[in-house]
Amino acid sequence: MKSYLAASKTNAKGKSIQQKIVIIESDDWGAIRTPSSEAVNAFQKKGLEIANSIYKVDALESQDDLELLFEVLSKHKGADGLPAKLTANAIMGNPDFDKIRASNFTEFHYEKFTETFKKYPNHAHNLNLWLQGKSEGVFQPQFHGREHLNYKRWLHVLQQKNEAALFCFDWNATYSGKADYSFMEAYDWDTKDDIPEQIKVIEDGFKIFKSTFNETSKTFIAPCYNWDPLIEPVLKEQGVTWLQGIQTQLIPTGTFDEYIPLKHSFGETNALGLQYNVRNCIFEPSMNQNRDWVNSCLAQVSSAFHWNKPAVICAHRINFVGYIDTKNRDKGLKDLDALLKAIVKKWPDVQFISTDQLDSVLN
(Lines give C-alpha, C1' and ligand atoms only; values in the text may rest on other atoms or scores of the structure.)
Protein backbone atom coordinates (compact mmCIF):
# COMPACT_ATOMS: atom_id res chain seq x y z
CA MET A 1 0.00 0.00 0.00
CA LYS A 2 2.85 2.41 0.81
CA SER A 3 4.34 1.82 -2.66
CA TYR A 4 0.97 2.51 -4.29
CA LEU A 5 0.39 5.74 -2.34
CA ALA A 6 3.92 7.04 -3.00
CA ALA A 7 3.53 6.29 -6.71
CA SER A 8 0.16 8.05 -6.77
CA LYS A 9 1.79 11.32 -5.70
CA THR A 10 4.23 10.99 -8.61
CA ASN A 11 1.56 10.05 -11.16
CA ALA A 12 -1.17 12.58 -10.35
CA LYS A 13 0.43 15.28 -12.52
CA GLY A 14 1.66 15.24 -16.10
CA LYS A 15 0.41 14.06 -19.46
CA SER A 16 -1.80 11.01 -19.82
CA ILE A 17 -1.65 8.09 -22.23
CA GLN A 18 -4.28 5.46 -22.94
CA GLN A 19 -1.98 2.48 -23.62
CA LYS A 20 -0.54 0.32 -20.88
CA ILE A 21 3.18 0.89 -21.47
CA VAL A 22 6.10 -0.51 -19.45
CA ILE A 23 9.58 1.02 -19.75
CA ILE A 24 12.52 -0.48 -17.86
CA GLU A 25 15.27 2.10 -17.43
CA SER A 26 18.57 0.57 -16.34
CA ASP A 27 21.64 2.73 -15.66
CA ASP A 28 25.42 2.16 -15.59
CA TRP A 29 26.03 -0.30 -18.45
CA GLY A 30 29.67 -0.18 -19.54
CA ALA A 31 30.87 1.53 -16.35
CA ILE A 32 33.44 0.04 -14.03
CA ARG A 33 32.88 -0.34 -10.31
CA THR A 34 34.87 -3.03 -8.45
CA PRO A 35 37.08 -5.07 -10.80
CA SER A 36 37.06 -8.42 -8.97
CA SER A 37 36.18 -10.39 -5.86
CA GLU A 38 39.88 -10.13 -4.93
CA ALA A 39 39.49 -6.35 -4.86
CA VAL A 40 36.44 -6.66 -2.58
CA ASN A 41 38.48 -8.80 -0.18
CA ALA A 42 41.33 -6.29 -0.29
CA PHE A 43 38.95 -3.41 0.48
CA GLN A 44 37.48 -5.34 3.41
CA LYS A 45 40.92 -6.22 4.78
CA LYS A 46 41.93 -2.56 4.49
CA GLY A 47 38.94 -1.62 6.64
CA LEU A 48 37.07 0.35 3.96
CA GLU A 49 33.29 0.67 4.25
CA ILE A 50 32.68 -1.79 1.41
CA ALA A 51 30.01 -3.80 3.27
CA ASN A 52 27.55 -0.90 3.00
CA SER A 53 28.52 0.16 -0.52
CA ILE A 54 27.25 -0.83 -3.95
CA TYR A 55 30.91 -1.51 -4.76
CA LYS A 56 30.59 -4.82 -2.89
CA VAL A 57 28.74 -6.52 -5.78
CA ASP A 58 28.66 -4.03 -8.66
CA ALA A 59 31.06 -4.68 -11.52
CA LEU A 60 31.39 -4.39 -15.27
CA GLU A 61 28.79 -6.74 -16.77
CA SER A 62 30.17 -10.00 -18.15
CA GLN A 63 29.12 -11.99 -21.21
CA ASP A 64 27.31 -14.45 -18.91
CA ASP A 65 25.43 -11.59 -17.27
CA LEU A 66 24.23 -10.27 -20.62
CA GLU A 67 23.23 -13.65 -22.05
CA LEU A 68 21.24 -14.60 -18.95
CA LEU A 69 19.52 -11.20 -18.83
CA PHE A 70 18.55 -11.41 -22.50
CA GLU A 71 17.15 -14.89 -21.91
CA VAL A 72 14.79 -13.58 -19.21
CA LEU A 73 13.68 -10.54 -21.22
CA SER A 74 13.02 -12.61 -24.34
CA LYS A 75 10.65 -14.93 -22.46
CA HIS A 76 8.04 -12.27 -21.78
CA LYS A 77 6.06 -10.74 -24.66
CA GLY A 78 3.71 -7.80 -24.73
CA ALA A 79 0.37 -7.68 -26.54
CA ASP A 80 2.18 -6.69 -29.75
CA GLY A 81 4.30 -9.85 -29.60
CA LEU A 82 7.49 -7.93 -28.81
CA PRO A 83 9.67 -8.91 -25.84
CA ALA A 84 10.38 -7.02 -22.65
CA LYS A 85 12.99 -4.38 -23.37
CA LEU A 86 15.70 -2.73 -21.31
CA THR A 87 16.63 0.90 -21.88
CA ALA A 88 20.34 0.34 -21.23
CA ASN A 89 21.73 3.70 -20.17
CA ALA A 90 25.38 3.42 -21.07
CA ILE A 91 28.69 4.98 -20.08
CA MET A 92 31.06 5.58 -22.98
CA GLY A 93 34.39 5.64 -21.14
CA ASN A 94 36.31 4.62 -18.03
CA PRO A 95 39.48 5.96 -16.42
CA ASP A 96 42.79 4.98 -18.00
CA PHE A 97 44.53 4.26 -14.71
CA ASP A 98 48.00 3.80 -16.20
CA LYS A 99 48.01 7.18 -17.94
CA ILE A 100 46.55 8.95 -14.91
CA ARG A 101 49.22 7.42 -12.67
CA ALA A 102 51.92 8.42 -15.17
CA SER A 103 50.76 12.04 -14.91
CA ASN A 104 51.10 11.84 -11.11
CA PHE A 105 47.31 12.33 -10.89
CA THR A 106 47.45 15.75 -12.53
CA GLU A 107 45.68 14.77 -15.77
CA PHE A 108 42.55 12.77 -16.45
CA HIS A 109 42.69 10.20 -19.23
CA TYR A 110 39.97 7.80 -20.32
CA GLU A 111 39.55 4.76 -22.53
CA LYS A 112 36.44 3.83 -24.49
CA PHE A 113 34.18 1.33 -22.76
CA THR A 114 34.84 -1.14 -25.57
CA GLU A 115 38.55 -1.06 -24.66
CA THR A 116 37.68 -1.71 -21.02
CA PHE A 117 35.74 -4.80 -22.12
CA LYS A 118 38.94 -6.23 -23.61
CA LYS A 119 40.80 -5.95 -20.29
CA TYR A 120 38.34 -8.09 -18.33
CA PRO A 121 38.43 -11.92 -18.52
CA ASN A 122 34.83 -12.67 -19.58
CA HIS A 123 33.94 -9.48 -21.42
CA ALA A 124 35.73 -9.36 -24.77
CA HIS A 125 32.56 -10.06 -26.78
CA ASN A 126 30.33 -7.69 -24.79
CA LEU A 127 29.88 -5.17 -27.59
CA ASN A 128 28.73 -7.91 -29.98
CA LEU A 129 26.21 -8.99 -27.33
CA TRP A 130 25.01 -5.41 -26.87
CA LEU A 131 24.42 -5.15 -30.62
CA GLN A 132 22.74 -8.55 -30.66
CA GLY A 133 20.43 -7.52 -27.83
CA LYS A 134 19.66 -4.31 -29.68
CA SER A 135 18.75 -6.16 -32.89
CA GLU A 136 16.59 -8.62 -30.93
CA GLY A 137 14.71 -5.76 -29.27
CA VAL A 138 15.65 -6.51 -25.65
CA PHE A 139 18.55 -4.08 -25.05
CA GLN A 140 18.44 -0.47 -26.27
CA PRO A 141 21.55 1.60 -25.38
CA GLN A 142 21.01 5.27 -24.50
CA PHE A 143 23.44 7.95 -23.32
CA HIS A 144 24.27 8.10 -19.62
CA GLY A 145 27.55 10.02 -19.89
CA ARG A 146 31.12 9.75 -21.03
CA GLU A 147 32.18 8.66 -17.52
CA HIS A 148 30.15 7.93 -14.43
CA LEU A 149 32.72 9.95 -12.53
CA ASN A 150 33.36 13.46 -11.28
CA TYR A 151 36.98 13.17 -12.26
CA LYS A 152 38.00 16.64 -11.06
CA ARG A 153 37.00 15.79 -7.48
CA TRP A 154 38.60 12.37 -7.80
CA LEU A 155 41.91 13.75 -9.05
CA HIS A 156 41.92 16.39 -6.32
CA VAL A 157 41.59 13.74 -3.62
CA LEU A 158 44.28 11.61 -5.26
CA GLN A 159 46.62 14.61 -5.44
CA GLN A 160 46.03 15.12 -1.72
CA LYS A 161 47.39 11.58 -1.23
CA ASN A 162 44.21 10.31 0.37
CA GLU A 163 45.15 6.82 1.55
CA ALA A 164 41.81 5.10 0.84
CA ALA A 165 41.40 6.63 -2.62
CA LEU A 166 44.98 5.74 -3.57
CA PHE A 167 44.52 2.18 -2.31
CA CYS A 168 41.38 1.79 -4.44
CA PHE A 169 43.13 3.41 -7.41
CA ASP A 170 45.82 0.72 -7.23
CA TRP A 171 43.00 -1.82 -7.68
CA ASN A 172 41.68 0.11 -10.71
CA ALA A 173 38.61 1.34 -8.85
CA THR A 174 37.25 4.84 -8.25
CA TYR A 175 35.81 3.91 -4.84
CA SER A 176 36.35 6.56 -2.16
CA GLY A 177 36.48 4.03 0.68
CA LYS A 178 33.44 5.62 2.31
CA ALA A 179 29.86 4.42 2.06
CA ASP A 180 28.44 7.96 2.18
CA TYR A 181 30.81 9.72 -0.25
CA SER A 182 31.39 9.00 -3.91
CA PHE A 183 32.91 10.47 -7.04
CA MET A 184 30.09 9.18 -9.26
CA GLU A 185 28.23 12.50 -9.68
CA ALA A 186 29.64 13.31 -13.12
CA TYR A 187 27.72 16.59 -13.66
CA ASP A 188 27.93 17.95 -10.14
CA TRP A 189 30.22 20.98 -9.86
CA ASP A 190 32.30 22.87 -7.32
CA THR A 191 31.98 26.15 -9.23
CA LYS A 192 29.97 27.02 -12.33
CA ASP A 193 33.30 27.37 -14.11
CA ASP A 194 33.24 23.54 -14.30
CA ILE A 195 30.23 23.59 -16.64
CA PRO A 196 32.00 24.45 -19.93
CA GLU A 197 34.32 21.48 -19.40
CA GLN A 198 31.33 19.25 -18.67
CA ILE A 199 29.76 20.35 -21.95
CA LYS A 200 32.91 19.35 -23.86
CA VAL A 201 32.89 15.97 -22.12
CA ILE A 202 29.24 15.44 -23.08
CA GLU A 203 29.97 16.30 -26.72
CA ASP A 204 32.86 13.86 -26.72
CA GLY A 205 30.69 11.15 -25.16
CA PHE A 206 28.03 11.58 -27.83
CA LYS A 207 30.69 11.19 -30.54
CA ILE A 208 31.60 7.81 -29.08
CA PHE A 209 27.93 6.81 -28.84
CA LYS A 210 27.25 7.74 -32.47
CA SER A 211 30.36 6.01 -33.79
CA THR A 212 29.55 2.86 -31.80
CA PHE A 213 25.83 2.51 -32.56
CA ASN A 214 25.56 4.48 -35.81
CA GLU A 215 22.77 6.61 -34.36
CA THR A 216 22.33 9.30 -31.75
CA SER A 217 20.73 8.84 -28.35
CA LYS A 218 17.30 10.44 -28.15
CA THR A 219 17.35 10.35 -24.35
CA PHE A 220 19.72 11.24 -21.52
CA ILE A 221 19.94 10.33 -17.86
CA ALA A 222 22.39 12.18 -15.60
CA PRO A 223 24.47 10.05 -13.22
CA CYS A 224 22.99 10.22 -9.72
CA TYR A 225 20.11 12.38 -11.05
CA ASN A 226 22.00 15.63 -10.60
CA TRP A 227 22.71 18.10 -13.36
CA ASP A 228 22.63 21.82 -14.00
CA PRO A 229 20.05 23.05 -16.55
CA LEU A 230 22.94 24.89 -18.23
CA ILE A 231 24.09 21.61 -19.82
CA GLU A 232 20.69 21.03 -21.43
CA PRO A 233 21.29 23.10 -24.61
CA VAL A 234 24.14 20.79 -25.64
CA LEU A 235 21.89 17.77 -25.04
CA LYS A 236 19.32 19.25 -27.41
CA GLU A 237 22.05 19.96 -29.97
CA GLN A 238 23.05 16.29 -29.82
CA GLY A 239 19.50 15.15 -30.64
CA VAL A 240 18.12 14.44 -27.17
CA THR A 241 14.35 14.85 -26.88
CA TRP A 242 13.68 13.15 -23.52
CA LEU A 243 15.35 13.60 -20.12
CA GLN A 244 15.11 10.52 -17.94
CA GLY A 245 15.05 10.88 -14.17
CA ILE A 246 13.23 10.47 -10.91
CA GLN A 247 10.55 12.97 -9.91
CA THR A 248 13.13 15.40 -8.51
CA GLN A 249 16.04 16.83 -10.48
CA LEU A 250 18.99 17.63 -8.20
CA ILE A 251 20.59 20.92 -9.24
CA PRO A 252 24.18 21.38 -7.97
CA THR A 253 25.03 24.07 -5.42
CA GLY A 254 28.81 23.62 -5.31
CA THR A 255 28.76 21.37 -2.24
CA PHE A 256 28.66 17.58 -2.37
CA ASP A 257 25.28 16.12 -1.43
CA GLU A 258 23.61 19.54 -1.22
CA TYR A 259 21.24 20.22 -4.13
CA ILE A 260 18.34 22.41 -5.16
CA PRO A 261 15.36 20.11 -5.83
CA LEU A 262 13.29 20.70 -8.96
CA LYS A 263 10.14 18.61 -9.42
CA HIS A 264 9.10 17.23 -12.81
CA SER A 265 6.09 15.35 -14.13
CA PHE A 266 5.70 12.93 -17.02
CA GLY A 267 5.64 14.66 -20.41
CA GLU A 268 6.44 18.09 -18.96
CA THR A 269 8.26 20.22 -21.53
CA ASN A 270 10.96 22.75 -20.66
CA ALA A 271 11.86 25.98 -22.46
CA LEU A 272 14.15 24.09 -24.85
CA GLY A 273 11.40 21.67 -25.84
CA LEU A 274 12.95 18.73 -23.94
CA GLN A 275 10.43 16.45 -22.23
CA TYR A 276 10.82 14.69 -18.89
CA ASN A 277 10.22 11.00 -18.32
CA VAL A 278 9.69 10.31 -14.62
CA ARG A 279 10.51 6.96 -13.02
CA ASN A 280 7.49 5.92 -10.99
CA CYS A 281 8.34 2.28 -10.21
CA ILE A 282 11.39 0.98 -8.34
CA PHE A 283 12.94 -2.47 -8.80
CA GLU A 284 16.30 -2.72 -7.04
CA PRO A 285 16.74 -6.19 -5.43
CA SER A 286 20.45 -5.61 -4.83
CA MET A 287 19.72 -2.67 -2.56
CA ASN A 288 17.73 -4.69 -0.03
CA GLN A 289 17.67 -8.48 -0.18
CA ASN A 290 14.82 -8.70 2.36
CA ARG A 291 12.26 -6.56 0.53
CA ASP A 292 9.55 -8.05 -1.68
CA TRP A 293 10.53 -6.13 -4.80
CA VAL A 294 8.17 -7.98 -7.10
CA ASN A 295 4.96 -7.08 -5.30
CA SER A 296 6.06 -3.57 -4.33
CA CYS A 297 6.89 -2.85 -7.98
CA LEU A 298 3.62 -4.38 -9.15
CA ALA A 299 1.75 -1.99 -6.84
CA GLN A 300 3.60 0.92 -8.43
CA VAL A 301 2.83 -0.35 -11.95
CA SER A 302 -0.82 -0.55 -10.95
CA SER A 303 -0.74 3.06 -9.74
CA ALA A 304 0.87 4.23 -12.98
CA PHE A 305 -1.81 2.56 -15.08
CA HIS A 306 -4.56 3.88 -12.79
CA TRP A 307 -3.35 7.43 -13.51
CA ASN A 308 -2.90 6.74 -17.25
CA LYS A 309 0.88 7.00 -17.09
CA PRO A 310 3.55 4.67 -18.46
CA ALA A 311 5.05 2.40 -15.81
CA VAL A 312 8.68 3.51 -15.81
CA ILE A 313 10.70 0.99 -13.82
CA CYS A 314 14.04 2.02 -12.35
CA ALA A 315 16.30 -1.05 -12.32
CA HIS A 316 20.05 -0.39 -12.22
CA ARG A 317 22.60 -2.72 -13.78
CA ILE A 318 23.80 -3.81 -10.33
CA ASN A 319 20.72 -6.04 -10.02
CA PHE A 320 21.75 -8.18 -12.99
CA VAL A 321 25.52 -8.62 -12.61
CA GLY A 322 27.15 -11.68 -11.10
CA TYR A 323 30.77 -11.18 -12.09
CA ILE A 324 31.72 -10.69 -8.42
CA ASP A 325 28.82 -12.55 -6.78
CA THR A 326 26.64 -14.86 -8.89
CA LYS A 327 24.03 -14.95 -6.11
CA ASN A 328 23.41 -11.24 -6.66
CA ARG A 329 22.66 -11.79 -10.36
CA ASP A 330 20.62 -14.93 -9.77
CA LYS A 331 18.37 -13.15 -7.26
CA GLY A 332 17.90 -10.14 -9.53
CA LEU A 333 17.04 -12.24 -12.59
CA LYS A 334 14.71 -14.49 -10.62
CA ASP A 335 12.80 -11.47 -9.34
CA LEU A 336 12.78 -9.84 -12.79
CA ASP A 337 11.38 -13.02 -14.32
CA ALA A 338 8.63 -13.11 -11.69
CA LEU A 339 7.84 -9.41 -12.15
CA LEU A 340 7.54 -9.61 -15.93
CA LYS A 341 5.45 -12.77 -15.73
CA ALA A 342 3.07 -11.08 -13.28
CA ILE A 343 2.80 -7.91 -15.40
CA VAL A 344 1.89 -9.80 -18.57
CA LYS A 345 -0.61 -11.96 -16.69
CA LYS A 346 -2.34 -9.06 -14.90
CA TRP A 347 -2.33 -6.70 -17.90
CA PRO A 348 -2.44 -8.81 -21.08
CA ASP A 349 -2.73 -5.65 -23.21
CA VAL A 350 0.62 -4.32 -21.93
CA GLN A 351 3.42 -3.30 -24.32
CA PHE A 352 7.13 -2.95 -23.60
CA ILE A 353 9.07 -0.08 -25.17
CA SER A 354 12.36 1.74 -24.59
CA THR A 355 12.45 5.39 -23.55
CA ASP A 356 13.51 6.61 -26.99
CA GLN A 357 10.20 5.29 -28.37
CA LEU A 358 8.05 7.56 -26.18
CA ASP A 359 7.39 10.03 -28.98
CA SER A 360 5.41 7.32 -30.77
CA VAL A 361 3.20 6.96 -27.70
CA LEU A 362 2.44 10.65 -27.22
CA ASN A 363 2.37 11.81 -30.84
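Just to verify a result, which residue in the stretch 247-271, among those that are surrounded by fewer than 17 Cβ atoms within 10 Å (Cβ to Cβ) and under 19 Å from the mean Cα position of the chain (by Cα), is farthest from T87 (Cα to Cα)?
Here the residue is D257.
Among the residues in the stretch 289-302, are any surrounded by 21 or more Cβ atoms within 10 Å (Cβ to Cβ) and part of a loop (DSSP other than H, G, I, E, B)?
The answer is no; no qualifying residue exists.
Considering the stretch 19-42 alone, what residues qualify as being part of a loop (DSSP other than H, G, I, E, B) and of a type in the set (A, V, I, L, M, F, W, C)?
Those that are part of a loop (DSSP other than H, G, I, E, B) and of a type in the set (A, V, I, L, M, F, W, C): A31, I32.
Does the stretch 13-23 contain any residue that is under 23 Å from the mean Cα position of the chain (by Cα) and not β-branched (V, I, T)?
No, that holds for no residue.
Among the residues of the stretch 141-192, write down those that are surrounded by fewer than 16 Cβ atoms within 10 Å (Cβ to Cβ) and either within 21 Å of E25 (Cβ to Cβ) or in contact with a Lys or Arg (Cβ under 8 Å, 6 or more places away or on another chain) (or both).
Of everything in the stretch 141-192, just one residue is surrounded by fewer than 16 Cβ atoms within 10 Å (Cβ to Cβ) and either within 21 Å of E25 (Cβ to Cβ) or in contact with a Lys or Arg (Cβ under 8 Å, 6 or more places away or on another chain) (or both), namely D190.
Can you say whether W347 is buried (at least 23 other Cβ atoms within 10 Å of the Cβ) and in contact (Cβ under 8 Å) with a residue 12 or more places away in the chain, as far as the supplied structure shows?
no
Have a look at D190, D204, D228 and point out the one that is modelled with pLDDT of 95 or more, more than 30 Å from A342 (Cβ to Cβ), in contact with a Phe, Trp or Tyr (Cβ under 8 Å, 6 or more places away or on another chain) and not hydroxyl-bearing (S, T, Y).
Selected residue: D228, the only one of D190, D204, D228 that is modelled with pLDDT of 95 or more, more than 30 Å from A342 (Cβ to Cβ), in contact with a Phe, Trp or Tyr (Cβ under 8 Å, 6 or more places away or on another chain) and not hydroxyl-bearing (S, T, Y).
Mind listing whichever residues of the stretch 204-235 are in a loop (DSSP other than H, G, I, E, B) and either under 13 Å from P141 (Cα atoms) or of a type in the set (D, E, K, R) (or both)? Step through it out loud before you land on a result.
First pass over the stretch 204-235, keeping only residues in a loop (DSSP other than H, G, I, E, B): 214-218, 221-222, 227-228.
Once the filter is applied, which keeps residues that are in a loop (DSSP other than H, G, I, E, B) and either under 13 Å from P141 (Cα atoms) or of a type in the set (D, E, K, R) (or both), the stretch 204-235 yields N214, E215, T216, S217, K218, I221, D228.
Among (1) assigned to a loop (DSSP other than H, G, I, E, B); (2) surrounded by fewer than 17 Cβ atoms within 10 Å (Cβ to Cβ); (3) without any contact (Cβ under 8 Å) to a residue 40 or more places away in the chain, where does E115 come up short?
Result: E115 fails condition (1) only.
Looking at (1) assigned to a helix (DSSP H, G or I); (2) in contact (Cβ under 8 Å) with a residue 40 or more places away in the chain; (3) more than 19 Å from the chain's Cα centre (by Cα); (4) closer than 23 Å to W154 by Cα, which is the only condition K45 fails?
Failing condition for K45: (2).
Could we say that D190 is more than 20 Å from Q140 (Cα to Cα) and in contact with a strand residue (DSSP E or B) (Cβ under 8 Å, 6 or more places away or on another chain) here?
For D190, the condition - more than 20 Å from Q140 (Cα to Cα) and in contact with a strand residue (DSSP E or B) (Cβ under 8 Å, 6 or more places away or on another chain) - is met.
Please go through (1) closer than 30 Å to P348 by Cβ; (2) assigned to a helix (DSSP H, G or I) for D64 and return the number of the only condition it doesn't satisfy.
Evaluating D64 over (1) closer than 30 Å to P348 by Cβ; (2) assigned to a helix (DSSP H, G or I) leaves (1) as the failure.
Taking interchain pairs and intrachain pairs at least six residues apart, which have beta carbon atoms under 7 angstrom, with the first residue in the stretch 156-170 and modelled with pLDDT of 95 or more and the second of a type in the set (A, V, I, L, M, F, W, C) and surrounded by fewer than 16 Cβ atoms within 10 Å (Cβ to Cβ)?
The qualifying pairs are L158/L166.
The values are calculated or read from the model by the stated rules, or taken from the named source; none is laboratory data. All values reported here derive from a predicted model rather than from experimental measurement. With ideal geometry, Cβ positions are generated from the backbone for all residues, glycine too; neighbour counts draw on all protein chains shown.
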